[in-house]
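Below: the structure, in structure tokens.
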Amino acid sequence: MITIATSECFTLGRIGVNIHKIASKYPEMECFLQENPEYKILHNSKVLTAMFMPSKECAQTFLNISLPQSDYKYNYSKAYTQSNDELVAELMAKSLKNITKCNIAIGTTAGIGKGAICIVTDYKIYKFTSDIEANLLDKQNVSERQKNAIEKTIKKILKILKEEYDY
């Protein structure tokens, strides 16, 4: 059984929750799985944790990492440029993998730009973005970016399970 853990900001913990619902065969996922049978590969996985971690302080404390200064003032949440989002997502995923000893760790964060997703497996590190430009400060396209990133990340997990774990 492959173990997965997530530390998510702009995806609100929904990557981990969706994988958990599919892996645990929740009844509300039945119709989705009938239309998308390739997702049944997730039945061989287990989500250890799916954390929503918007604040810099919380991420630093729970993940035992040091994060860069936020690039923008935004309530209590961290808000970075694209390049810092990419750095922070990687720091979050690597630390989470180390702490939980999971097979696959996912970190996400987004301020202004496409956001950043990092997946750390037992074998490789994958860094990518959503396909949607958005701005956390004025809420422009944030929901669209979030939805795109969740779908794109779960599809990437399917590919990883096939290529790296022979599922």
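The values are calculated or read from the model by the stated rules, or taken from the named source; none is laboratory data. Nothing here was measured: the structure is a model prediction, and the numbers come from that model. A quick note on method: Cβ atoms are made from the backbone with ideal geometry, for glycine too, and the neighbour counts reach across all protein chains shown. The accessibility values were calculated without ligands, DNA or RNA, using every heavy atom of the protein model including side chains. Shrake-Rupley method; radii C 1.70, N 1.55, O 1.52, S 1.80 Å.
Looking at region 148-167, which of the residues that are closer than 15 Å to ASP122 by Cα and of a type in the set (Asp, Glu) is most open to solvent (accessible area, probe 1.4 Å)? Among residues in region 148-167 that are closer than 15 Å to ASP122 by Cα and of a type in the set (Asp, Glu), the one most open to solvent (accessible area, probe 1.4 Å) is ASP166. Cβ-Cβ contacts under 6 Å between residues 6 or more apart (or on different chains), taken from a first residue in region 92-116 that is at positive phi to a second residue that is open to solvent by less than 10 Å² (accessible area, probe 1.4 Å) and among the hydroxyl-bearing types (Ser, Thr, Tyr), are listed as GLY115/SER130.
Figure legend. Inter-residue proximity from region 58-71: first residues closer than 13 Å to ALA93 by Cβ, second residues not in a helix (DSSP H, G or I) and not charged (D, E, K, R), beta-carbon distance below 6 Å, spacing 6+ or different chains. Indicated pairs: ALA59/MET53.
Applying the selection to region 127-147, what residues are assigned to a loop (DSSP other than H, G, I, E, B), free of Cβ contacts under 8 Å to residues at least 60 places away in the same chain and either surrounded by fewer than 15 Cβ atoms within 10 Å (Cβ to Cβ) or charged (D, E, K, R) (or both)? Steps first, answer last, please.
Initially, region 127-147 is screened for residues assigned to a loop (DSSP other than H, G, I, E, B), giving 129-133, 136-139, 141.
Still in the list and also free of Cβ contacts under 8 Å to residues at least 60 places away in the same chain: 129-133, 138-139, 141.
Result: ASP131, GLU133, ASP138, LYS139.
When you scan region 59-67, do you find a residue that is open to solvent by less than 80 Å² (accessible area, probe 1.4 Å), assigned to a loop (DSSP other than H, G, I, E, B), touching an Asp or Glu at 6+ places or on another chain (Cβ under 6 Å) and at pLDDT 95 or above, even just one? If you could, list the steps in order and put the result at the bottom.
Restricting attention to region 59-67, the residues satisfying the condition of being open to solvent by less than 80 Å² (accessible area, probe 1.4 Å) are 59-60, 63, 65, 67.
Subsequent filtering for residues that are assigned to a loop (DSSP other than H, G, I, E, B) retains 65, 67.
Still in the list and also touching an Asp or Glu at 6+ places or on another chain (Cβ under 6 Å): none.
No, that holds for no residue.
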